[in-house]
Amino acid sequence: MNGKKLMKWGSNIVTTILFLVLIFMVVVVVSSKASGGEPQVFGYQLKTVLSGSMEPGIKTGSVIAVKPGGDMTRFEKGDVITFQQEKDMLVTHRVTEVIKSGDNIMYKTKGDNNNAEDMNPVLSENVVAEYSGFTIPYLGYFMNFTNSKNGAFLLLVPGILLLIYSGFTIWKAISEIDIKTKKNDTIENNAS
């Protein structure tokens with residue numbers, strides 16, 4: 001394979017990857033704006049981890065996928081849950097003990113990196129989701145930045161440049177096809 005073909009393949013692969021990333025980001029942003037909350041992909045919510053309490057398994061700045069809904073009394077020791085700790089604060093920690101008191105179920109929780117269990121048990125009605133085990137390290141820093149006004153603006157510029165580049169690439173490919181078609185038509189006409 002010569003260098004020109006290799007460059008063309010590389011360019012096509014990079015363009016495809018960038019285009020897929022752009023589409024994914026648009027879907028995530030639109031779904032989060034439409035739902036008025038967290039981004040959702042295939043029924044999973046994406047959450048940004050802001051502390052190191054679950055390290056080394058879940059690093060600070062990671063994005064994790066959690067599955068909301070279902071019976072929030074189903075969890076057992078060892079499960080990782082996301083729960084409402086304060087009004088605007090979600091926490092993802094591991095269940096260390098299940099406490100049943102009549103009809104109520106509470107969970108004692110602990111961050112894997114913490115020395116002690118959390119102070120207060122979590123009521124099952126405060127559990128919002130279960131951690132799916134899917135983590136993307138460091139993407140959370142990027143997601144937080146994109147949610148800011150400066151981040152949204154800075155993402156808009158590469159998106160526009162990618163669309164312009166894609167348009168140029170498509171135009172160039174169509175031009176090459178037109179040239180080959182005209183060349184073939186000329187050869188056929190001369191042969192007749």
query: Any idea which residue in segment 10-46 is surrounded by the most Cβ atoms within 10 Å (Cβ to Cβ), counting only those that are under 15 Å from the mean Cα position of the chain (by Cα), modelled with pLDDT of 70 or more and not hydrophobic (A, V, I, L, M, F, W, C)?
result: GLN45
query: What do you reckon, is TYR131 over 23 Å from THR73 (Cβ atoms) and out of contact with any Pro (no Cβ under 6 Å at 6 or more places or on another chain)?
result: no
query: Within segment 119-128, can one find any residue that is within 18 Å of GLU55 (Cβ to Cβ) and surrounded by 15 or more Cβ atoms within 10 Å (Cβ to Cβ)?
result: no
message: I'd like to know if segment 98-118 contains one or more residues that are part of a strand (DSSP E or B), among the charged types (D, E, K, R) and within 16 Å of GLU55 (Cα to Cα).
response: yes
field: When residues of segment 86-97 are limited to those that are free of Cβ contacts under 8 Å to residues at least 12 places away in the same chain and either touching a Lys or Arg at 6+ places or on another chain (Cβ under 7 Å) or not in a loop (DSSP other than H, G, I, E, B) (or both), the one surrounded by the most Cβ atoms within 10 Å (Cβ to Cβ)
entry: MET89
- request: Could you list all residues from segment 41-76 that are assigned to a strand (DSSP E or B) and either aromatic (Phe, Trp, Tyr) or under 26 Å from ILE105 (Cβ atoms) (or both)?
  value: TYR44, GLN45, LYS47, ILE64, ALA65, VAL66, LYS67, PRO68
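The values are calculated or read from the model by the stated rules, or taken from the named source; none is laboratory data. Owing to the predicted nature of the structure, the values given are computational and were not obtained by experimental measurement. Don't worry about glycine lacking a Cβ; one is built from the backbone with ideal geometry, like all the others, and counts go over all protein chains shown.
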